[in-house]
Amino acid sequence: MRISSVRDLQVLVRARRRDLGITQQEAADRAGVSRKWLVNFESGTASAVELSLVLRLFAALDLPLDVPTSDEAEVDAEPVGEDWDLVDLDDHLRRLTSETRGPRPVSDR
């Protein structure tokens, strides 16, 4: 499955959990997250999506994460130097999440 949005991740996780025949609580326990977090993630109502939690969830559901290189060869990691721009993946996912959901209603907190 090609993943191009946070929503794609949410749909994939829900489908995989259901295929495994496990409850949200069981999946949350396996991943070390709260059931509430998983409910919010699957439904798209999470205010932010932390990449490390999504990766833990993928591992708990035996979902492989494979990012092919342009030539499908192993890539040797190079040390990060001054010429490299670091990317905050959590920040990127937060921005993508907010872009796909549109404006949120104001709460009465």
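Just so it is clear, none of the values below were taken in a lab; they were calculated from the coordinates. It should be emphasised that the depicted structure is a prediction, and the values quoted were computed from it without experimental measurement.
Coupling constants for segment 26-35 follow from the phi torsions by the Karplus curve (6.51 cos²θ - 1.76 cosθ + 1.60, θ = phi - 60°), and in residue order they are 4, 5, 4, 4, 4, 8, x, 10, 7, 4 Hz; glycine and proline get x. A straight chain from Leu96 to Asn40 at 0.36 nm per residue would run longer than the Cα-Cα distance by 18.6 nm.
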